[in-house]
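The structure appears below as structure tokens.
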Amino acid sequence: MFSAIARVLKTPDLRTKILFTLGIITIYRIGVFIPAPSVDYGNVQMCLAQGDTSGGLYSFVNMFSGGALLQVSIFALGIMPYITAAIITQLLRVVIPAFERLQKEGPEGQARLTQYTRYLTVGLALLNATTIATLARSGALLNCNQSLLNSDGIWATLLLVMTLAMGAIVIMWMGEQITERGVGNGMSLMIFVSIAAGFPAGLGAIWQTQGWRTFALVMVIGIAVMMLIVFVEDSQRRVPVQYARRQIGRRTVGSTTTYIPIKVNMAGVIPVIFASSILMLPQILIQFNMPTDGSEPAGWVVFMQQYFGSGSHPVYMATFFLMTICFTYFYVTITFNPQDVSDNMKRQGGFIPGVRAGRPTVQYLEYVISRVTFVGALYLGMIAMLPLIAFVLIGADENFPFGGTSILIMVGVALNTIKQIDAQMEQRHYEGLLR
């Protein structure tokens, strides 16, 4: 391992990219702890000590902000506005034909879609910043009845809104700079850093509250889960494709054989994020509809609180598992179009051995994808359920580090980053990062 790191550092261009990436990440982590203007830091710390900010909405949003949300810092919004904008833009390709045409136009169309994603990120950042400023002004952000602002004036609130929105825009810019001048996908690395920042605290809490035996059990489970994720993320069903001999100008191109790689987990972590986001809606409704005068809540609030107020109820778990499977099929359907793949193969003279071109090829690809996606959906559902199962069996809170969205993102981003570094090493030294 040390020899591989030494080979990377001996490559000047690659060393510069890695140092640039680390510099941007350092700036991002420093900004997480800088309080936003108009925020009373003393009240924030007091509310954190008194209020209930664990689990549910807080754990999910705070995970993607690297702890910045609960500190009400300048980077409190984190990367969430960009993630939401990117998902919306991707879904709009199915609804709006113009977006689908841009997707097929190559680099120029991709640049246009990226620009639309940036505009949507700015709008979502302003909307989210307004919501956080309103909740901070009333004290509902950290579940305490004390305002988190130094002043309740309109100018102080506007300053906080603009600062939080600009913080999200700066994070988006830093992620793009890492993509262009650093190593790996910048946005993915920013999410990786945000999630990894909470791991020491989560493991330390398990050690203090549950003891070293439970801690050791959690570590064993974590290593096993990471091995499973690495195995599945690299697994793929290779559909063989053969290209017939054809004439291109004066040159005759011989027949070649290749394959279509269909990953077991084509949807990535998106279905888990979708399911988690939707199941947060009942918790938000409960929070804003609980009476403050001590009276009995409404019947539907009691129902929601009983079944969806926490992740420990079997109804919540079953709903989460089924929604993850459904969203996996939905996302794969809109991102992989067998008809387009069949048409491209037909134009280039390719065919699947034993399958006729045209409609039979489309039906064969749909058959393969449905079977492979079923395995991937079960895998995502199992990984997403790990924090909830840990909450019931060992009493760990819902910030259980080795499971759900967090571990999927971390392992996936780490694998992709290592592959990119390995590819750059092979271009320069004909030898990869890992021998």
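Structure summary
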quantity: Any hit, segment 132-139, residues being open to solvent by 60 Å² or more (accessible area, probe 1.4 Å) and touching a residue at least 24 places away in the same chain (Cβ under 8 Å); calculated: no
quantity: Segment 71-109: number of residues that are open to solvent by 20 Å² or more (accessible area, probe 1.4 Å), among the hydroxyl-bearing types (Ser, Thr, Tyr) and not in a helix (DSSP H, G or I); calculated: 0
quantity: Matching residues, segment 330-350, being in contact with a helix residue (DSSP H, G or I) (Cβ under 6 Å, 6 or more places away or on another chain) and closer than 21 Å to ILE87 by Cβ; calculated: TYR331, VAL332, ILE334
quantity: Answer from LEU378, LEU365, LEU408 - the residue that is open to solvent by less than 20 Å² (accessible area, probe 1.4 Å), under 15 Å from PRO271 (Cβ atoms) and at pLDDT 75 or above; calculated: LEU408
quantity: Selection from segment 37-76 of residues that are modelled with pLDDT of 75 or more and in contact with an Asp or Glu (Cβ under 6 Å, 6 or more places away or on another chain); calculated: none
quantity: Residue, most open to solvent (accessible area, probe 1.4 Å), within segment 26-39, restricted to residues that are touching a residue at least 40 places away in the same chain (Cβ under 8 Å), outside any loop (DSSP other than H, G, I, E, B) and over 15 Å from PHE64 (Cβ atoms); calculated: ILE27
quantity: Condition broken by ASP152, with the remaining ones in (1) assigned to a helix (DSSP H, G or I); (2) in contact (Cβ under 8 Å) with a residue 12 or more places away in the chain; (3) charged (D, E, K, R) satisfied; calculated: (1)
quantity: Residue among ILE88, ILE74 that is touching a residue at least 12 places away in the same chain (Cβ under 8 Å) and out of contact with any Gly (no Cβ under 9 Å at 6 or more places or on another chain); calculated: ILE88
quantity: Residue match in segment 192-199 (condition: open to solvent by 20 Å² or more (accessible area, probe 1.4 Å), among the small types (Gly, Ala, Ser) and free of Cβ contacts under 8 Å to residues at least 60 places away in the same chain); calculated: no
quantity: Among the residues listed as VAL239, VAL218, VAL232, the single one being at pLDDT below 80 and buried (at least 16 other Cβ atoms within 10 Å of the Cβ); calculated: VAL218
quantity: Enumeration of residues in segment 9-25 that are open to solvent by 50 Å² or more (accessible area, probe 1.4 Å), outside any loop (DSSP other than H, G, I, E, B) and modelled with pLDDT under 85; calculated: LEU9, PRO12, ASP13, ARG15
quantity: Matching residues in segment 322-359 - criterion: being among the aromatic types (Phe, Trp, Tyr) and open to solvent by 60 Å² or more (accessible area, probe 1.4 Å); calculated: TYR329, PHE330, PHE351
quantity: Of all residues in segment 220-247 being in contact (Cβ under 8 Å) with a residue 12 or more places away in the chain and over 24 Å from ASN265 (Cβ atoms), the one that is farthest from the chain's Cα centre (by Cα); calculated: ARG246
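The values are calculated or read from the model by the stated rules, or taken from the named source; none is laboratory data. As the structure is a prediction and not an experimental result, all values here were calculated from the model. Neighbour counts run over all protein chains shown; Cβ positions are idealised from the backbone, glycine included. Heavy atoms of the whole protein, side chains included, go into the accessibility calculation; ligands, DNA and RNA do not. Shrake-Rupley method; radii C 1.70, N 1.55, O 1.52, S 1.80 Å.
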